[in-house]
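A.B. asks: This structure is in structure tokens; I'll ask about it shortly.
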Number of protein chains: 2
Amino acid sequence: MQALERSMKIAALLSDADQGEMSISELSAQSGLALSTMHRILQGMARQRMVEQDEQTKLYRLGPVWMEYGLRLYDSMDYVTKIRPELERLSREVKESVYLSRPSGNEAIVMERIDSEENPIRINDPLGIRIPLHIGAANKAILAAMPEDRVRRIVETLIPEEKRDDFYIKLQQIRDAGFAESHGERTPGTASVAVAVKDGLGEVIGAVSIGFLDYGLENERLAYLSEKVMEAGDRIGRKLGAG
Amino acid sequence: MQALERSMKIAALLSDADQGEMSISELSAQSGLALSTMHRILQGMARQRMVEQDEQTKLYRLGPVWMEYGLRLYDSMDYVTKIRPELERLSREVKESVYLSRPSGNEAIVMERIDSEENPIRINDPLGIRIPLHIGAANKAILAAMPEDRVRRIVETLIPEEKRDDFYIKLQQIRDAGFAESHGERTPGTASVAVAVKDGLGEVIGAVSIGFLDYGLENERLAYLSEKVMEAGDRIGRKLGAG
DNA sequence: AATTGCTTTCCGTTTATCGGAAAAAGGAGG
DNA sequence: CCTCCTTTTTCCGATAAACGGAAAGCAATT
């Protein structure tokens, strides 16, 4: 099944590209595939609308199928009707950017971002990026809310042996506090607070988080943000629990 | 490149499936592919995370890559920061569901939906579906705003020869009125009003529309909605034009 | 007009895909 | 607990489909 493998590699390259566009020779160079091979695969991908080629510049970019299926999945997950309005509310309350992440394997995908309209500062984690589950407040909140055996399996693949005990202690602190916080873990100068969200069956379906600048922050503000993020998490959980 | 073709066919089947899940034998039956072939392809797709298999039920469903790339594309299009807040505002104003569609070939994809929190009635076109450009108010608004040669090419592939003249007249009416409306075209009992949205370069990037129940509707309400949708279209256009 | 830097097509070789058939795994019923 | 049936997974030799080097097109640039 190497055609698929190569296609997905190409999709990944395009997704990370500067303007989301690359020439056939650039792709060939970066992937190590021969030009003719690359050309043939791109033709095939284009027929499936996985990529499209700019008529003028000949550059390739990702096609519409990704969004098509992506949006359908998104819409099938109660986001639009149940979760997003709560995120909007939280964002208006705290006047900061608010995120929703969703676990997927050993990582979480940033599913949703609401930028505060009143706060010009944008930390702007892009939607769709994957972040390992041990990094950041949102992901640690997710881990802390998962059943123990699953946590153990994930921790054992992500964290070197000698650091695991510290990490388990950290997770327990998150459970005790009811929220997770991180400072400068992914982006220097920024911090975030987060809580996990469970569906009606008790499954962890993601985490709500607030991202903000970690500069000259008073303790009261931090307490306020963590209070608000917990409230939002509660409200979403109740919405999902009720059906 | 038949592996790709088959994979995308499978993705399409899964996307249309009941709960978004199908067994390998169901897939094999519906696609006409041999079980072993289907199994091999699904394994390959699973390695690329295009599908995932439920550990208990063995059923397959679409994997996370679609959302990953879909969200990144979505985020690269100014939706989150510029367009969505205006849709929220429009939805709050008119207390109805608001949509954003985006053209892609001869069709448009429903990119965004804001359900009014105060109005319990949900028409609920799902996100991600493709609708031919000659169907519905939003899509006709898009067509009416496109350059003439492009319109002609699209109309000639979508509409039978004897009905084209009527259609061109309809498009001109939309241009004159400044908005498009449709009644029961896709879903009986529902109607919508829409305007096209252009970016800074004058390219049509989509249409904003309001969907509502077409029952006992006074003329004033219709005039109000069309007025509001045009205002929202203007605001978005100006945001995009400014950069 | 010639050069350069790309994209696209050609085509003989080879290798990865194909799918029928057999094996394994899971349930349902006795 | 065992048997029968359904569904999933693995095997493997034949074959068609992908491979990629090289040549041909195409379009700016000098």
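A.B. asks: For residues that are closer than 11 Å to B:Leu62 by Cα and away from DNA strand C (no atom under 14 Å from the Cβ), scanning just the stretch B:20-52, find the one that is farthest from the other protein chains (Cβ to nearest Cβ).
C.D. replies: Among residues in the stretch B:20-52 that are closer than 11 Å to B:Leu62 by Cα and away from DNA strand C (no atom under 14 Å from the Cβ), the one farthest from the other protein chains (Cβ to nearest Cβ) is B:Met22.
A.B. asks: Turning to a different aspect of this structure: When the residues of the stretch B:29-58 are filtered to those that are open to solvent by less than 30 Å² (accessible area, probe 1.4 Å) and near DNA strand D (Cβ under 8 Å from one of its atoms), which remaining residue is farthest from A:Ile41 (Cα to Cα)?
C.D. replies: B:Met38
A.B. asks: Listed residues B:Ile174, B:Ile205; which is of a type outside the set (Gly, Ala, Ser) and at pLDDT below 95?
C.D. replies: Only one candidate qualifies: B:Ile205.
A.B. asks: With A:Ala108, A:Ala46 as the choices, which residue is at pLDDT 90 or above and not assigned by TED's automatic domain parsing to the domain that holds A:Lys9?
C.D. replies: Among A:Ala108, A:Ala46, only A:Ala108 is at pLDDT 90 or above and not assigned by TED's automatic domain parsing to the domain that holds A:Lys9.
A.B. asks: Ok, one more. Run A:Ala17 past the list (1) within 30 Å of A:Ala191 (Cα to Cα); (2) surrounded by 16 or more Cβ atoms within 10 Å (Cβ to Cβ); (3) away from DNA strand C (no atom under 16 Å from the Cβ) and report the number of the one that doesn't hold.
C.D. replies: Looking at each condition in turn, A:Ala17 falls short on (3).
A.B. asks: Another question, if that's okay. Out of A:Arg47, A:Arg61, A:Arg40, A:Arg72, I need the residue that is closer than 24 Å to B:Ile129 by Cα and over 29 Å from the mean Cα position of the chain (by Cα). Which one? So that I can check it myself, show each step before the final result.
C.D. replies: Details: A:Arg61 fails: over 29 Å from the mean Cα position of the chain (by Cα); A:Arg40 fails: closer than 24 Å to B:Ile129 by Cα; A:Arg72 fails: over 29 Å from the mean Cα position of the chain (by Cα).
The match here is A:Arg47.
A.B. asks: Does A:Val65 satisfy the criteria of being of a type in the set (A, V, I, L, M) and more than 8 Å from chain B (Cβ to nearest Cβ)?
C.D. replies: Numbers: of a type in the set (A, V, I, L, M): yes; more than 8 Å from chain B (Cβ to nearest Cβ): no.
Taking the combined requirement at face value, the residue does not satisfy it.
Condition check ((1) outside the structural domain of B:Met111 (by TED's automatic domain parsing); (2) over 18 Å from the mean Cα position of the chain (by Cα); (3) open to solvent by 40 Å² or more (accessible area, probe 1.4 Å)) across all residues:
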residue: B:Phe167; (1), (2), (3): no, yes, no
residue: B:Leu171; (1), (2), (3): no, yes, no
residue: B:Asp176; (1), (2), (3): no, yes, yes
residue: B:Ala180; (1), (2), (3): no, no, no
residue: B:Gly184; (1), (2), (3): no, no, no
residue: B:Val193; (1), (2), (3): no, no, no
residue: B:Ala196; (1), (2), (3): no, no, no
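A.B. asks: Counting only residues that are within 13 Å of DNA strand D (Cβ to nearest atom) and not in a helix (DSSP H, G or I), which one in the stretch A:1-23 is modelled with the lowest pLDDT?
C.D. replies: A:Met1
A.B. asks: Counting just the residues of the stretch B:1-14 that are more than 8 Å from chain A (Cβ to nearest Cβ) and open to solvent by less than 10 Å² (accessible area, probe 1.4 Å), which one comes out nearest to the chain's Cα centre (by Cα)?
C.D. replies: The residue in question is B:Leu14.
A.B. asks: Please specify each residue of the stretch B:88-108 satisfying the condition of being in a helix (DSSP H, G or I) and buried (at least 22 other Cβ atoms within 10 Å of the Cβ).
C.D. replies: Those that are in a helix (DSSP H, G or I) and buried (at least 22 other Cβ atoms within 10 Å of the Cβ): B:Leu90, B:Ser91.
A.B. asks: Pick out the one residue from A:Gly211, A:Gly237 that is within 16 Å of A:Met111 (Cα to Cα) and either surrounded by 14 or more Cβ atoms within 10 Å (Cβ to Cβ) or of a type in the set (Lys, Arg) (or both).
C.D. replies: When all the criteria are applied, what remains is A:Gly211.
A.B. asks: Using the structure shown, decide if A:Leu127 is more than 11 Å from chain B (Cβ to nearest Cβ), touching a Phe, Trp or Tyr at 6+ places or on another chain (Cβ under 9 Å) and not in a strand (DSSP E or B).
C.D. replies: no
A.B. asks: Need the failing condition index for A:Glu26 against (1) near DNA strand D (Cβ under 10 Å from one of its atoms); (2) open to solvent by 80 Å² or more (accessible area, probe 1.4 Å), just the number.
C.D. replies: (1)
A.B. asks: Let me ask something else. Which residue pairs have Cβ atoms closer than 7 Å, lie 6 or more positions apart in sequence or on different chains, and pair a first residue in the stretch B:228-243 that is within 16 Å of B:Arg92 (Cβ to Cβ) with a second residue that is modelled with pLDDT of 90 or more and open to solvent by 50 Å² or more (accessible area, probe 1.4 Å)?
C.D. replies: B:Lys228/B:Glu93
A.B. asks: Condition test on B:Leu158, is it surrounded by 13 or more Cβ atoms within 10 Å (Cβ to Cβ) and farther than 28 Å from B:Glu227 by Cα?
C.D. replies: yes
The values are calculated or read from the model by the stated rules, or taken from the named source; none is laboratory data. Computed from a predicted model, the values in this text were never measured in an experiment. Methodologically, a virtual Cβ is constructed for each residue, glycine included, from the backbone with ideal geometry; neighbour enumeration extends over all protein chains shown. For the accessible areas, the whole protein counts, side chains as well, though only heavy atoms, and no ligand, DNA or RNA atoms are used. Shrake-Rupley method; radii C 1.70, N 1.55, O 1.52, S 1.80 Å.
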